[in-house]
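The values are calculated or read from the model by the stated rules, or taken from the named source; none is laboratory data. Just so we're clear, the structure is a prediction, and the values are computed from it rather than from any experiment. Positions of Cβ are backbone-derived with ideal geometry, glycine not excepted, and every protein chain shown enters the neighbour counts.
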């Protein structure tokens, strides 16, 4: 008895609490973009997922670049983002897997109703940015590594301009905060439609340029490779990803925002091909 007691005590001391393991296994870390958070969509979908599965979701809401990087380092169990080019790069490197389309909306260039730069109705978003630069009309950029900022840089490149000067402001903020700053300055900005509709009553801005094909905004869900990151909650991450493309979640996405804004903030895309959306 005297020999076995120290051995038993040692075993108990080095064993982590079973409840801690169980709790960790039931927590899913989701890295996502501020636009999904600011739109309010996750406030509906996350509780549905938690109730359905028993998992608890810890949401990290940052720019898409950061959200992807967290998952690609195994620091998130799943990510929901909207930067297709960057997503495909991580998939090709084998860091993220199983990229699946979830939904889309589109981007807008918004500004004051008076539209001093006279960009309203232009068919090309790049032409609109060129006109803003020529007029040196204040433009508020996300200035982060978000999907919105990545598209903005692509538009400036298409316009063959490198914006700089006092008229070009980099907020370094999420989409909602950037819209508030833009409104306060009665300036212009690029935004996703979902966040704009969610903030429409809080800001004095109107849509001015839209429907350009390059402004399509596609959201996808991706999972870290568990072979490379064995500490991720692969089962929990996969469960959340599966839920986002499930019939139940897609129906929520299809109708979300209609009661408040008269139109949906997103359109469901589970099972669709990206090239078909871009046609």
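The set of residues in the range 77-91 being at pLDDT below 95 and either in contact with a strand residue (DSSP E or B) (Cβ under 6 Å, 6 or more places away or on another chain) or not in a helix (DSSP H, G or I) (or both) consists of 82, 83, 84. Just to be sure, is residue 185 within 19 Å of residue 37 (Cα to Cα), surrounded by fewer than 16 Cβ atoms within 10 Å (Cβ to Cβ) and outside the structural domain of residue 86 (by TED's automatic domain parsing)? No; evaluated as a whole, the condition is false for this residue. Going through (1) crowded, with 18+ Cβ neighbours inside 10 Å; (2) in contact with a strand residue (DSSP E or B) (Cβ under 8 Å, 6 or more places away or on another chain); (3) assigned to a helix (DSSP H, G or I) one by one, residue 150 falls short only on (2). Scanning the range 178-193 for residues that are in a helix (DSSP H, G or I) and closer than 25 Å to residue 157 by Cβ returns 178, 179, 181, 182, 193. Scan the range 51-58 and give yes if some residue there is under 17 Å from the mean Cα position of the chain (by Cα) and closer than 15 Å to residue 219 by Cβ, otherwise no. Among the residues of the range 51-58, not one is under 17 Å from the mean Cα position of the chain (by Cα) and closer than 15 Å to residue 219 by Cβ, which makes the answer no. Taking the stated definitions as given, is residue 155 surrounded by 16 or more Cβ atoms within 10 Å (Cβ to Cβ) and either in a strand (DSSP E or B) or touching a strand residue (DSSP E or B) at 6+ places or on another chain (Cβ under 6 Å) (or both)? The answer is no for residue 155.
In the set 222, 208, only one residue is touching a helix residue (DSSP H, G or I) at 6+ places or on another chain (Cβ under 8 Å), in the same structural domain as residue 122 (by TED's automatic domain parsing) and in a strand (DSSP E or B); that residue is 208.
A single entry from 94, 121, 74 fulfils the requirement of being in the same structural domain as residue 201 (by TED's automatic domain parsing), part of a loop (DSSP other than H, G, I, E, B) and touching a residue at least 24 places away in the same chain (Cβ under 8 Å): 121.
Filter the range 232-268 down to residues that are part of a loop (DSSP other than H, G, I, E, B), surrounded by fewer than 18 Cβ atoms within 10 Å (Cβ to Cβ) and modelled with pLDDT under 95, then give me how many there are.
Selection size over the range 232-268: 2.
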